[in-house]
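Participant: One structure follows; several queries about it will come next.
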Amino acid sequence: MEKLVITGGTTLTGEVSIMGAKNSAIAILPATLLCKGICTLNNVPNIIDVNLSCQILEQLGSKITWVGPNSLTIDNTNIYNTHAPLDLTSKFRASYYLIGAMLSRCKEIEVGLPGGCNLGARPIDQHIKAFEALGATANCSQGKINVSTNKLIGSNIYMDVVSVGATINALLASVFAEGTTTIDNAAKEPHIVDVANFLNALGADIRGAGTDLIKVNGVQELRNSVTYSIVPDQIEAGTFMLAAIASKGDILIKNCIPEHLDPLTSKILEIGGNVEICADTIHVWCKNRVNKTVVKTLPYPGFPTDLQPQIGVVLSMANGTSIINESIWDSRFQYTAELNKMGANITAQGKSAIFEGVEKLYGAPVFATDLRAGAALVIAGIVAEGTTEIFNLKHIDRGYENIEKKFASLGAKIERVVEK
Ligand code: UD1
């Protein structure tokens, strides 16, 4: 078993470069199934969820070759299997993208019901509603879902909830659908735009991605090759912005798209931190204890739920009492119990938590309860007095490439230790 051991009390300073976006990569990898030739993807994060996606695609017939540390080619000339491996697909959430992609490619797919972080109920009713609107039939039983169709026909899809996954899945399934598809009340996250840009680079006709009304004019075929670079990961960038604030440090974050971080930048300025934006870099620094605030997570361009635990660490040490309202997930405050072990004073109930700011956190053994909770605990360990051990690293490694190396390069005393 591995653990991260952090000797805290560090002020983080220096430069860090942001990896490609996890949530784009794990959507664009299955999206390559729509291309009957070879796609070259650059800026691919080398993380567990990407490696899982690759393993699943290989079992469907894809030939994947890493041609650089963050570049791969994927040859989908021969896709022969429409039954995705249940043990792998049930390990992470994004396996649901195989449904939209394989409906377009083979008109049929069977996958395990998607797993992923335990953040509360994670239904896929809106995905199924979109597939059915396009003319597919879905059957769920014994932990798996089978979706098939004779023909995909363009339709008007209204999403009852704003869903990143359902919007991308509807896009994937409608590229070849006969006629025009509209997706109304669509999610607007940067990775939706990234998936649409990737598909359009292949010859799809998708308009309006990044707004709440997306229009897809069905095409008959796509090009046989494309080279595409995945956008930078705004959640990794936000994690380092908040690490700079929590540690009263000074970090230059390179290779990011600052406007994707606007809601976080506003919050940091509001609580007394400093942010300077220049082209594709964000400079964040803070000298004093920050002030209390209220945070409400919302779909993009609102404050991202995936940065909620990380700002929770900052607010646990703010001057005064802060409140976080989580509006996306039912169960995203599990990390607060771990932070309380480190001396925080947080009361979480349902989808709200009250943070009574304390002066200091203290090192303790803690468990990463999910991916972003794990990142939050790394920040907490770096600023806490004493030694913190973080267990359950499988969550953190799903979404952060070389997390300990990147923090160590900013001055953190952090190492990965294999426990016997
Ligand atoms: C994606 C991200 C995840 C992020 C989330 C919200 C990936 C792989 N994961 O998850 O990191 O936290 O967006 O930004 O990109 N819902 C339904 N029915 C559905 C689908 C969703 O009711 O069919 C609800 C969910 O329960 C949730 C809300 O809609 O309350 C948003 O979920 P959604 O945007 O779909 O999240 P994911 O795509 O799973």
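The values are calculated or read from the model by the stated rules, or taken from the named source; none is laboratory data. This one's a predicted model, so the numbers in the text were calculated from it and none came from an experiment. So basically every Cβ, Gly included, is an ideal-geometry build from the backbone, and we count neighbours across all protein chains shown. Accessible surface is based on the protein model in full, side chains and every heavy atom, while ligands, DNA and RNA are left aside. Shrake-Rupley method; radii C 1.70, N 1.55, O 1.52, S 1.80 Å.
Participant: Only one residue in Asn51, Asn81, Asn76 is more than 13 Å from the ligand (Cβ to nearest atom), among the polar types (S, T, N, Q) and surrounded by 19 or more Cβ atoms within 10 Å (Cβ to Cβ), so which one is that?
Facilitator: Testing whether each residue is more than 13 Å from the ligand (Cβ to nearest atom), among the polar types (S, T, N, Q) and surrounded by 19 or more Cβ atoms within 10 Å (Cβ to Cβ) leaves just Asn76.
Participant: A follow-up question, please. From the list Leu252, Leu298, which residue is within 15 Å of the ligand (Cβ to nearest atom) and within 30 Å of Met342 (Cα to Cα)?
Facilitator: None of the others qualify; the one that does is Leu298.
Participant: Do you know which residues across the stretch 350-375 are of a type in the set (D, E, K, R) and part of a loop (DSSP other than H, G, I, E, B)?
Facilitator: Answer for the stretch 350-375, where residues must be of a type in the set (D, E, K, R) and part of a loop (DSSP other than H, G, I, E, B): Lys351, Glu359, Lys360, Asp370.
Participant: Filtering the stretch 257-274 down to residues that are open to solvent by 30 Å² or more (accessible area, probe 1.4 Å) and in a loop (DSSP other than H, G, I, E, B), which residue is nearest to Asn319 (Cα to Cα)?
Facilitator: Only one residue fits best here, namely Gly272.
Participant: What tally of residues in the stretch 325-349 results from selecting those that are out of contact with any Asp or Glu (no Cβ under 6 Å at 6 or more places or on another chain), part of a loop (DSSP other than H, G, I, E, B), modelled with pLDDT of 95 or more and not hydrophobic (A, V, I, L, M, F, W, C)?
Facilitator: Residues meeting the conditions: 3.
Participant: I'd like to verify a number: residues in the stretch 376-420 that are at pLDDT 95 or above, in a strand (DSSP E or B) and open to solvent by 10 Å² or more (accessible area, probe 1.4 Å), how many?
Facilitator: Of the residues in the stretch 376-420, 9 are at pLDDT 95 or above, in a strand (DSSP E or B) and open to solvent by 10 Å² or more (accessible area, probe 1.4 Å).
Participant: While we're here: Any residue in the stretch 85-104 that is within 16 Å of the ligand (Cβ to nearest atom), in contact with a Gly (Cβ under 9 Å, 6 or more places away or on another chain) and either open to solvent by 40 Å² or more (accessible area, probe 1.4 Å) or more than 26 Å from Arg332 (Cα to Cα) (or both)?
Facilitator: Checking the stretch 85-104: at least one residue is within 16 Å of the ligand (Cβ to nearest atom), in contact with a Gly (Cβ under 9 Å, 6 or more places away or on another chain) and either open to solvent by 40 Å² or more (accessible area, probe 1.4 Å) or more than 26 Å from Arg332 (Cα to Cα) (or both).
Participant: For the stretch 116-210, which helices (runs of 4 or more DSSP H) that fit wholly inside it have 1 or more residues that are without any contact (Cβ under 8 Å) to a residue 40 or more places away in the chain and within 15 Å of the ligand (Cβ to nearest atom)?
Facilitator: 125-133, 190-201
Participant: What do you reckon, is Pro69 within 23 Å of Ile396 (Cα to Cα), surrounded by fewer than 16 Cβ atoms within 10 Å (Cβ to Cβ) and not charged (D, E, K, R)?
Facilitator: In short, yes.
Participant: Which ones in the stretch 9-47 are open to solvent by 20 Å² or more (accessible area, probe 1.4 Å) and more than 15 Å from the ligand (Cβ to nearest atom)?
Facilitator: Answer for the stretch 9-47, where residues must be open to solvent by 20 Å² or more (accessible area, probe 1.4 Å) and more than 15 Å from the ligand (Cβ to nearest atom): Gly9, Thr11, Thr13, Gly14, Glu15, Ser17, Lys36, Ile38, Thr40, Asn42, Asn43, Asn46.
Residue by residue, here is whether (1) surrounded by fewer than 18 Cβ atoms within 10 Å (Cβ to Cβ); (2) in contact (Cβ under 8 Å) with a residue 40 or more places away in the chain; (3) over 15 Å from the mean Cα position of the chain (by Cα) holds:
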| residue | (1), (2), (3) |
| --- | --- |
| Ile214 | no, yes, yes |
| Thr227 | yes, yes, yes |
| Glu236 | no, yes, no |
| Met241 | no, yes, yes |
| Asn255 | yes, yes, yes |
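Participant: If the Cβ limit is 8 Å and pairs must be 6+ apart or interchain, which residue in the stretch 393-420 that is in the same structural domain as Val366 (by TED's automatic domain parsing) pairs with which residue that is of a type in the set (D, E, K, R) and assigned to a loop (DSSP other than H, G, I, E, B)?
Facilitator: His395/Asp370
Participant: Six or more apart or on different chains, Cβ under 8 Å: which pairs go from a residue in the stretch 291-302 that's assigned by TED's automatic domain parsing to the domain that holds His260 to one that's open to solvent by 80 Å² or more (accessible area, probe 1.4 Å)? Could you list them?
Facilitator: Cβ pairs passing all conditions: Asn291/Glu270; Asn291/Asn319; Lys292/Asn319; Thr293/Glu270; Gly302/Lys296.
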